[in-house]
Amino acid sequence: MSSGHSAFIHGLPITGDIVSAPPAQQAYQILHFAFTAAPIIAGIDKFLHLLVNWDNYLAPWIANLSPIGGHNLMLVVGAIEIIAGLIVAFKPKIGAWIVFAWLWGIIVNLLSYSGFYDIALRDFGLSLGALALARLSKDFA
């Protein structure tokens, strides 16, 4: 596959084709990295609250149903997110579907009370990315 561009080593032109991964494989690699890193980072931050106070995103009716309280429930959520990110890292064919379903759980939570519809829309977009990773994993994982 020729890129049509000249390549140089130490200022000297080299000839030959420059080969790179096909676009679909590059997309898979980007999504694989993103859906490994994002759940792990978000999961860790459930314990640290450096990015945001995640407890604010839990629908009150869900917090009221929890026998362990809202904050402790969010700690469990954080642990699950870390595990989901690790599953994506090592078993993306399975992990991508887990993250896809998890994002839809978050979307339902956010749509169940007002004030976070914009975040629900963002998570809908993320769920499409997780779905794309799941589909691409069939060919590249």
message = Between 0 and 90 degrees, rounded to the nearest ten: what's the tilt of helix 70-90 against the longest Cα principal axis of the chain?
response = 20 degrees
message = What is the angle, in °, between the Cα long axis of helix 23-48 and the longest principal axis of the Cα atoms in the chain? Nearest 10 is fine, range 0 to 90.
response = 30 degrees
remark   = If each K or R counts +1 and each D or E counts -1, the residues other than A42 whose Cβ falls under 15 Å of its Cβ total -2
inquiry  = Based only on Cα atoms, what mean projected area does the convex hull of the stretch 70-118 have, in nm²?
reply    = 3.8 nm²
ask   = With contacts defined as alpha carbon pairs under 8 Å and 6 or more residues apart, what's the relative contact order of the chain in percent?
value = 25 percent
query = Based on the Cβ-Cβ distance of A34 and N72, what FRET efficiency does E = 1/(1 + (r/R0)^6) give at R0 = 22 Å, to the nearest 0.05?
reply = 0.20
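Any read-out appearing in this document is the output of simple, stated calculations on the displayed coordinates, not a laboratory observation. These numbers were taken from a predicted model, which means no experiment stands behind them. With ideal geometry, Cβ positions are generated from the backbone for all residues, glycine too; neighbour counts draw on all protein chains shown.
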